[in-house]
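**Student:** Structure provided below as structure tokens; questions to follow.
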Ligand SMILES: Cc1ncc(COP(=O)(O)O)c(C=O)c1O
């Protein structure tokens, strides 16, 4: 399957390219690149506007992608699938269209310490603007959410915003259980699915979340396209996010009326090629099968944890139980700054991520400045882990670290 990813044929600094930063963005298979290329080459036209052949073709492919997304996450209806620019915009949409309308002074918003900034800052800012209470749930020594704190804080909450899986710790959160507790307290739940949807099957109706946000670019699709899933009755109750063309049903000098879902939230010409690319990415993932993808990742993660654990003074910041985690492994090598490590790995053609991974509150909580992260996806193999481990050992030698 690796042959489907042209970028992985590159040599970097004379070495085979080892891409270990898929938690930041995934690489794209030819099938996705070709689907987008085909649109621009053969039927580039705006959607839902022209009555001519290529506009009809574009509209058909565009609509077809929405149906693929709906089936992929098992939503009830295509009306519940809103296209956005990505997870960040999906969450901001909920913050503005639902939060600014329904969150009032004294209401409680609950989030967690392991959130990416995009599911933290919008709620922190909404709380500060409205006078709502902003509660943050911590983690235990196994890098899992502290369940008793979670249950205590959810009591009386109006919104719970939680990540399905952490981009730093790899922890997979029990979102189904969280939704149950939240709903027993009449709270609305937003799940950040940016890291979960590329890696294992997601069923929004089984989870019973109210909102689910994700990005196309982390699941083999292009950048610039993401999805907000929302339960229909909630989306109906919300005000539009952007105003303009397509999101209206009628416009008069003194008033306008909004289009039906999902168009009410999709003002202007949409990212057509990107939507088509996302559709192609879903087809590609479904052809392999999400369960198989998860199995492959568990095997690789297990191997990576085993190999990294053999390196003296290498600390894995996350659970070692592969059933409860993803293949995004954050680690620290005592005595080597993560940026220096990443630069040396780059010399060997290996790409890893360093820094705070857009999770500064978590780094502060764990008293860490910066960390290194290797993350795997469907195209990675055990030999990529071996290359990583060999290069870490090489870096230790260069830096004179034991
Ligand atoms: C858990 C999580 N949430 C949200 C995001 C933001 O996604 P995007 O930058 O595609 O909007 C990321 C990106 O790394 C993430 O890992």
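**Student:** Where does helix 53-73 land angle-wise versus the long Cα axis of the chain, in degrees 0 to 90, nearest 10?
**Tutor:** 60 degrees
**Student:** Assuming a ≥ b ≥ c are the square roots of the Cα gyration tensor eigenvalues, decide whether the stretch 1-82 counts as rounded (a/c under 1.5), prolate (otherwise, with a/b larger than b/c) or oblate.
**Tutor:** On the way: a/c = 3.67, a/b = 1.69, b/c = 2.17.
Note, shape of the stretch 1-82 comes out oblate.
**Student:** Hey, another quick one. With 10 angstrom as the radius, rank 22, 283 by how many other C-beta atoms surround their C-beta, starting from the fewest.
**Tutor:** Details: 22 26, 283 17.
By the 10 Å Cβ count, ascending, the order reads 283, 22.
**Student:** Ignoring everything except DSSP H segments at least 4 long, calculate the 222 nm mean residue ellipticity for the chain; use -39,500 (n - 2.57) per segment, divide by total residues, nearest 500. Mind dumping the intermediate values first?
**Tutor:** Details: 13 runs with 149 residues, N = 402.
Calculated mean residue ellipticity at 222 nm is -11500 deg cm²/dmol.
**Student:** If you don't mind, another one. Against the longest alpha carbon principal axis of the chain, how many degrees, from 0 to 90 and to the nearest 10, is the axis of helix 30-42 turned?
**Tutor:** 40 degrees
**Student:** To continue, here is another question. In Å, what Rg and Dmax follow from the Cα atoms of the stretch 10-165?
**Tutor:** Taking only Cα atoms of the stretch 10-165, I get Rg and Dmax of 21.2, 61 Å.
**Student:** Residue 15 label point, 7 Å along Cα→Cβ, cut-off 16 Å on backbone N: hits in the stretch 373-402?
**Tutor:** 373-375, 381-399
**Student:** Using alpha carbons only, how many angstrom separate the centre of the stretch 49-91 from the centre of the stretch 388-402?
**Tutor:** Comparing the Cα centres of the stretch 49-91 and the stretch 388-402, I get a distance of 48 Å.
**Student:** Now for a different question. How far apart, in nm, are the 7 Å Cα→Cβ label points at residue 255 and residue 310?
**Tutor:** Between residue 255 and residue 310, the simple spin-label model gives 7.2 nm.
**Student:** If you average the C-alpha positions of the stretch 278-349 and of the stretch 151-188 separately, how far apart do those two centres end up, in angstrom?
**Tutor:** Computed from Cα coordinates, the inter-centre distance equals 25 Å.
**Student:** Say R0 is 45 Å: what FRET efficiency, to the nearest 0.05, do residue 49 and residue 203 get from their beta-carbon distance?
**Tutor:** Working: r = 34 Å, r/R0 = 0.76.
For R0 = 45 Å, the calculated efficiency reads 0.85.
**Student:** Let me ask another. Based only on Cα atoms, what Rg/Rh ratio does the stretch 289-398 have, Rh being taken as Kirkwood's radius? Please list the in-between numbers first.
**Tutor:** On the way: Rg = 13.7 Å, Rh = 14.3 Å.
In the stretch 289-398, Rg relative to Rh is 0.95.
**Student:** Across all directions of projection, what mean area in square nanometres is found for the Cα convex hull of the chain? Write out the running numbers ahead of the final one.
**Tutor:** Values: hull surface 82.5 nm².
Seen from a random direction, the Cα hull of the chain projects 20.6 nm² on average.
**Student:** Please work out whether the stretch 316-369 counts as rounded, prolate or oblate from its C-alpha gyration tensor, where a ≥ b ≥ c are the square roots of the eigenvalues and a/c under 1.5 means rounded, while otherwise a/b larger than b/c means prolate and anything else oblate? Mind dumping the intermediate values first?
**Tutor:** Numbers: a/c = 1.99, a/b = 1.29, b/c = 1.55.
It comes out oblate by the Cα gyration axes.
**Student:** Treat the count of other C-beta atoms within 10 Å as a stand-in for reagent exposure and order 394, 377 from fewest to most.
**Tutor:** Placing the least packed residue first, the sequence is 394, 377.
**Student:** Something else about it: Report the full-extension gain for the segment residue 64 to residue 386: residue separation times 0.36 nm, less the Cα-Cα distance, to one decimal in nm. Display every interim value, and only then the final one.
**Tutor:** On the way: separation 322, 0.36 × 322 = 115.92 nm, distance 4.10 nm.
Net length gain for the segment: 111.8 nm.
**Student:** Also, quick follow-up: Roughly how tilted is helix 338-347, in degrees to the nearest 10 and between 0 and 90, from the longest Cα axis of the chain?
**Tutor:** 80 degrees
All of the numbers you see were taken from the coordinates with simple rules; none came from a lab. Just so you know, these numbers come straight off a predicted model, no measurement behind them. Here the Cβ is made from the backbone with ideal geometry for all residues, glycine too, and neighbour counts use every protein chain on show.
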